[in-house]
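The values are calculated or read from the model by the stated rules, or taken from the named source; none is laboratory data. Please read these numbers as outputs of a predicted model, since none were measured by experiment. Here Cβ is always computed from backbone atoms with ideal geometry, including for glycine, and neighbour counts include all displayed protein chains.
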Amino acid sequence: PLLRLASSCGTPVDPASINRYACEAIFRHVWESGAEAADEGRLAALTAQLAPQRTLGDDEAKAQLKKNTDEAIALNLFGVPAMEVDGKIFWGFDALPMLREYLLGNAWFDGEGWNGVSNISVGIARKT
C-alpha cells in the first residue's frame, strides 16, 4: 500500500510525479518510529496526512507504479531508497549525503573513486 500511496501523491500540476514531501513522510512512517508500517490505523493517518491526488487503486496509479517498477528493474535497482541520477545509482539512506555531494558537483564522482566500482566482479549472479 505504501508504493501505491507514493504513486498517488503527485502534485496537481503533475499527478504522475512522486513529490518529496510524500517520500519523506512515507520514509519516516516506515523507519523512524519502529511501529508496524502496515498497521491499518497508521496507514489511514498517513493517507489522510498526504491527501493523495488520485485514488490509491485506480488504473493510473497502478500503471505509474508498474512503470516505476519496470524502470527500477531495468536499472538493477533494489532496496529503498534508491536514486538514479545521470546513470549513477545511490542506494540507501546513508547514501543521501553522497547524492547531495554529487548534485553539488563534487569532482570525486568523475574520477577513479566512483568509476572504479564498475571494475569489481560480480559475486553472485541473479538467476533469470
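Quick look at the values:
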| quantity | calculated |
| --- | --- |
| Identity of the residue in the stretch 63-92, under 18 Å from L5 (Cα atoms) and β-branched (V, I, T), that ends up modelled with the highest pLDDT | T69 |
| The stretch 25-54: number of residues that are surrounded by 11 or more Cβ atoms within 10 Å (Cβ to Cβ) and either at pLDDT below 85 or part of a helix (DSSP H, G or I) (or both) | 16 |
| Number of positions in the stretch 87-128 that are touching a residue at least 12 places away in the same chain (Cβ under 8 Å) and of a type outside the set (A, V, I, L, M, F, W, C) | 3 |
| Every residue from the stretch 55-64 that is in a helix (DSSP H, G or I) and either among the aliphatic types (A, V, I, L, M) or touching a strand residue (DSSP E or B) at 6+ places or on another chain (Cβ under 6 Å) (or both) | A61, A63 |
| Residue within the stretch 65-85 that is touching a Leu at 6+ places or on another chain (Cβ under 7 Å), part of a loop (DSSP other than H, G, I, E, B) and not hydroxyl-bearing (S, T, Y) present | no |
| Residues that are surrounded by 14 or more Cβ atoms within 10 Å (Cβ to Cβ) and more than 15 Å from the chain's Cα centre (by Cα), drawn from the stretch 60-100 | E60, A61, K62, M98 |
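Every residue, every condition in (1) in contact with a helix residue (DSSP H, G or I) (Cβ under 9 Å, 6 or more places away or on another chain); (2) under 17 Å from V30 (Cβ atoms), yes or no:
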{"position": "D58", "(1), (2)": "no, no"}
{"position": "A61", "(1), (2)": "yes, no"}
{"position": "Q64", "(1), (2)": "yes, no"}
{"position": "L77", "(1), (2)": "yes, no"}
{"position": "F90", "(1), (2)": "yes, no"}
{"position": "D94", "(1), (2)": "no, yes"}
